[in-house]
Amino acid sequence: MEKVKNLIIGFGKGGKTLAKTLAAKGEEVVVVERSDQMYGGTCINIACLPSKRLIIESTKGTEFSHAVAGKNEMTAFLRDKNYHMLADEDSVTVLDGEARFVSDHVVEVTKADGQKVQFEGERIFINTGAEPVVLPIKGLKESKNVLDSTKAMDETKLPKELVILGAGYIGLEFAGMFARYGSKVTVLDLHTDFIPREDTDVSELVFKDMTKAGVNFELGVNVKEVKDVSDHVEVVYEKEGVEVTLKADKILAATGRKPRTAKLGLENTAIKVDERGAIVVDDQLHTTVPNVWALGDVKGGLQFTYISLDDFRIIKDELFGTGKRRVSDRVVVPYSVFIEPPLSKVGLNEKEAKAKGIEYRLFKLPVAAIPKARVLQETQGIFKILVAKDSDAILGATIYAAESHELINLLALAMKAELPYTLLRDQIYTHPTMSEALNDVLK
Ligand SMILES: Cc1cc2nc3c(=O)[nH]c(=O)nc-3n(C[C@H](O)[C@H](O)[C@H](O)COP(=O)(O)OP(=O)(O)OC[C@H]3O[C@@H](n4cnc5c(N)ncnc54)[C@H](O)[C@@H]3O)c2cc1C
Ligand SMILES: NC(=O)c1ccc[n+]([C@@H]2O[C@H](COP(=O)([O-])OP(=O)(O)OC[C@H]3O[C@@H](n4cnc5c(N)ncnc54)[C@H](O)[C@@H]3O)[C@@H](O)[C@H]2O)c1
């Protein structure tokens, strides 16, 4: 058995950034990655970047198979760049194989040829990400026409009729995208409320815009069965007591992703997982075994690339910094859903403020009032910013507008720095931009 100072399981966002940092300190690192198609992790290969590439291509009118080919070129480039970023470091070994714990600090790696090697890690970092949830719906697992997000982005032929299970992040982004490529899209969701965390006026606008763009929603449905029938697939669901059969070329299952721990051999260790399979960590990402950390999607909670990166910062701070950085410091976390226009949010919305009994002032502006929106010819949407009732503190913002995925970072920065809303209101912005709308919305 080989002893190694730092063993990183999974070439994900947090893990690869940590490996590079450890290498810069001259430390020995072994990074184990189960697939040579996943160097660099989920985000660059099968998630954020390829999906956003396809989404952007869909808005330019690119033909689907050309867009997929371009996306594949991009991911191949990024994969290679990521591989060399680590493999070219003298003190880093990138090892192809599937890792599995055999005891608290011993990990067995099974290589593609079946050969097994064992490592004893002085420090071990688990960064194995998440995998799609496969619901126990009759016929779902067996159907040849059911895709997950990865497979949907690798289709060479555009599905004429696409049914999407789940109106969450992936469901909405892919629904809009496939509709723009020309698919007839129906989204089925278990819940009656559409994007229930958002304010009702915002969710109504998104629903209206997506419906207008050709996406059909069936909400509050119970999906009962999926069956392959000659050249197509059928989905049987029940809505308000009525059974409906829907025909499609493909089904995209987008009903959540769960931490990838099932095959990690954690039962051989004292590393605890919760009821959802997420690795239990403390405020500094320590697992329940000393010198074993978990970072990224595998530890549960928010599943975003930038959270995995921030997990890395916490571990780096413990190893080489002040040791003060904590998960609980992470209070201002924005997000964007890349629909058209993008929906972005940070901090509280009205629904959340009311639920918490927090009094607020609401500043609201329709996007149609913004000159840049006219220039872009994207006038749908709304800005909503909440400010404390008895101070100038910004409580939160929801921006459903063109370029909101950029703008929300400005709001998040202002909140983090505890800047008064008046500073954003009175700031000089370049023109014409979407950010200059802050002059008007905050009046
Ligand atoms: C379609 C889609 C779109 C998304 N879009 C966005 C977005 O726009 N913005 C955003 O912030 N987030 C987005 N996400 C979420 C984001 O991709 C994840 O939160 C992020 O990639 C998680 O990174 P991570 O560091 O946890 O690990 P990952 O990047 O998931 O890396 C885990 C790695 O571990 C490897 N691995 C797993 N098990 C083993 C094992 N036993 N042995 C060896 N290797 C193993 C895997 O192959 C993988 O390469 C999206 C997700 C999906 C599916
Ligand atoms: N823009 C982004 O940052 C981005 C984009 C894509 C994915 N992601 C990440 O990936 C994760 C996974 O995305 P996702 O869309 O798979 O999950 P999600 O949790 O966002 O959505 C899952 C949806 O499936 C629905 N659902 C659950 N059971 C169902 C059933 N039986 N029948 C029909 N619908 C059902 C839920 O009501 C929910 O709307 C997200 O949590 C997110 O963190 C992020």
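Laboratory data are not the source of any read-out in this text; all were calculated from the coordinates shown. All values reported here derive from a predicted model rather than from experimental measurement. Heads up, the Cβs are rebuilt from the backbone with ideal geometry, glycines too, and the neighbour counts pull from every protein chain shown.
Taking H as built 1.01 Å from N, whose amide H comes closer than 5 Å to the amide H of residue 125, not counting residues under 5 places away?
7, 8, 9, 293
Add +1 for every Lys or Arg and -1 for every Asp or Glu among the other residues with Cβ under 14 Å from the Cβ of residue 97, and state the total. Write down the numbers at each step before the final one.
On the way: positive: 34, 100, 111, 116, 263; negative: 2, 33, 36, 96, 98, 108, 113.
With Lys, Arg at +1 and Asp, Glu at -1, the net is -2.
Could you state the number of Å between the C-alpha centres of the stretch 138-198 and the stretch 400-428?
Taking the Cα centre of each part, the stretch 400-428 and the stretch 138-198 sit 33 Å apart.
Extending each Cα 7 Å along its Cβ direction at residue 80 and residue 154, get the distance between those two points in nm, one decimal.
Label-label distance for residue 80 and residue 154, simple model: 1.9 nm.
With 19 Å as the limit, write out which pairs from 13/52; 151/263; 157/250 have Cα-Cα distances beyond it, or answer none.
Details: 13/52 17 Å; 151/263 22 Å; 157/250 11 Å.
From 13/52; 151/263; 157/250, over 19 Å: 151/263.
By how many nm would the segment from residue 110 to residue 286 grow when fully extended, if each residue of separation counts as 0.36 nm and the alpha-carbon distance is taken off?
Details: separation 176, 0.36 × 176 = 63.36 nm, distance 2.56 nm.
This chain segment gains 60.8 nm when fully extended.
Identify the trypsin sites (Lys or Arg not before Pro) of the stretch 241-294 meeting these criteria: DSSP loop state and at most 12 other C-beta atoms within 10 Å of the C-beta. Present the calculation step by step, with values, prior to reporting the outcome.
On the way: sites: 247, 250, 257, 260, 263, 272, 276; in loops: 260, 263, 272, 276.
Qualifying residues, ordered by number: 263, 276.
Please name which of 179, 14, 395 has its Cα lying farthest along the dipole of the chain towards the positive end, using unit charges on Cβ (Lys, Arg +1; Asp, Glu -1) and the Cα centre as origin.
Among 179, 14, 395, the one farthest towards the positive end of the dipole of the chain is 395.
Between residue 228 and residue 201, how high is the FRET efficiency from 1/(1 + (r/R0)^6) when r is the Cβ-Cβ distance and R₀ = 45 Å? Nearest 0.05. Before the final figure, lay out each step's value.
On the way: r = 41 Å, r/R0 = 0.92.
E between residue 228 and residue 201, to the nearest 0.05, is 0.60.
Just to be sure I understand: with springs between alpha-carbon atoms less than 10 Å apart, which residue in 407, 423, 285 has the highest mean-square fluctuation in the Gaussian network model of the chain?
423
Check cross-link reach from residue 443 to the aspartates and glutamates: straight Cα distance under 18 Å, and skip same-chain residues fewer than eight apart.
390, 392, 426
Stretch residue 192-residue 24 to full length: gain in nm at 0.36 nm per residue minus the Cα-Cα span?
Details: separation 168, 0.36 × 168 = 60.48 nm, distance 5.11 nm.
Additional length available on full extension: 55.4 nm.
Quick check: pseudo-label points 7 Å beyond the Cα along Cα→Cβ at residue 52 and residue 118, how many nm apart are they?
Here the modelled spin labels are 4.3 nm apart.
Please list, in chain and number order, the residues 5+ apart from residue 217 or on another chain whose amide H is under 5 Å from its amide H, with Hs placed from the backbone.
Answer set, sorted by chain and number: 187.
Report, as a whole number in µm² per second, the diffusion coefficient that Stokes-Einstein gives for the stretch 258-305 at 25 °C and 0.890 mPa s using the Kirkwood radius over alpha carbon pairs. Write down the numbers at each step before the final one.
Working: Rh = 10.8 Å.
Roughly 228 µm²/s, to the nearest whole number.
Test of understanding: in a Gaussian network model of the chain with alpha carbons linked when under 10 Å, which of 204, 98, 161 would top the mean-square fluctuation ranking?
204
With a Förster radius of 45 Å, plug the Cβ-Cβ distance of residue 87 and residue 418 into 1/(1 + (r/R0)^6) and report the FRET value to the nearest 0.05.
Numbers: r = 43 Å, r/R0 = 0.95.
Rounded to the nearest 0.05, the efficiency is 0.60.
Once the mean 1/r over all distinct Cα pairs of the chain is inverted, what Kirkwood radius in angstroms do you read off? Mind showing how you got there, number by number?
On the way: mean 1/r = 0.0422 Å⁻¹.
With all distinct Cα pairs of the chain included, I get 23.7 Å.
Suppose a student asked you for the relative contact order of the chain, using Cα pairs under 8 Å spaced at least 6 residues apart; what percent would you report? List each step's numbers first, then the result.
Numbers: 929 pairs, mean separation 59.0, N = 443.
Averaging sequence separation for qualifying contacts and normalising by length gives 13 percent for the chain.
Under the rule of at least 5 residues apart or a separate chain, name every residue whose amide H is placed under 5 Å from the amide H of residue 396.
Sorted by chain and number, the residues that satisfy this are 348, 386.
Between residue 102 and residue 409, what is the spin-label point distance in nm, taking each point 7 Å from the Cα along the Cα→C-beta axis?
Taking the two extended label points, one gets 4.5 nm.
In the stretch 266-338, with Lys and Arg counted as +1 and Asp and Glu as -1 at Cβ, which of these residues, 300, 277, 332, has the Cα nearest the positive end of the dipole, that is, farthest along it?
My answer, from the dipole projection, is 332.
What's the extension gain from residue 431 to residue 142 if we count 0.36 nm per residue and subtract their Cα-Cα distance?
Details: separation 289, 0.36 × 289 = 104.04 nm, distance 5.45 nm.
Using 0.36 nm per residue and subtracting the Cα-Cα distance, I get 98.6 nm.
Using DSSP to define loop residues, name the trypsin sites (Lys or Arg not before Pro) in the stretch 358-439 whose beta-carbon has at most 13 other beta-carbon atoms within 10 Å.
On the way: sites: 361, 364, 372, 374, 384, 389, 416, 425; in loops: 389.
Taking the stretch 358-439 and a limit of 13 other Cβ atoms within 10 Å, the loop trypsin sites (Lys or Arg not before Pro) found are 389.
Can you spot the aspartates and glutamates whose alpha carbon is less than 13 Å from residue 416's alpha carbon? Ignore those fewer than 8 places along the same chain.
329
Please report how far the C-alpha centroid of the stretch 234-257 lies from that of the stretch 319-364, rounded to the nearest whole angstrom.
Each part's Cα centre sits 33 Å from the other's.
Which aspartates and glutamates have a Cα lying under 16 Å from the Cα of residue 272, excluding residues fewer than 8 positions away in the same chain?
Here the aspartates and glutamates satisfying the reach criterion relative to residue 272 are 104, 282, 283, 297.
Mean-square fluctuation check for the chain, GNM, Cα pairs under 10 Å: which of 382, 124, 358 is largest?
The residue with the greatest mean-square fluctuation here is 358.
With the cut-off at 28 Å, tell me which of the pairs 25/324; 144/239; 227/345 have Cα atoms farther apart than that.
227/345
What trypsin sites (Lys or Arg not before Pro) in the stretch 158-225 are in a loop by DSSP, with at most 13 other Cβ atoms within 10 Å of the Cβ? Please list the in-between numbers first.
On the way: sites: 160, 180, 184, 197, 208, 212, 224; in loops: 160, 197.
Within the stretch 158-225, the qualifying trypsin sites (Lys or Arg not before Pro) (loop, at most 13 other Cβ atoms within 10 Å) are 160, 197.
Hey, with R₀ at 35 Å, roughly what FRET efficiency would residue 73 and residue 263 work out to, going by the Cβ-Cβ distance, to 0.05? Kindly include the intermediate steps, with their values, before the conclusion.
Working: r = 31 Å, r/R0 = 0.90.
The formula returns an efficiency of 0.65 here.
From the backbone phi of the stretch 106-117, what are the Karplus-calculated ³J(HN,Hα) couplings (6.51 cos²θ - 1.76 cosθ + 1.60, θ = phi - 60°) in whole Hz, Gly and Pro given as x?
Values, residue by residue: 10, 10, 9, 10, 9, 7, 4, 7, x, 5, 10, 10 Hz.
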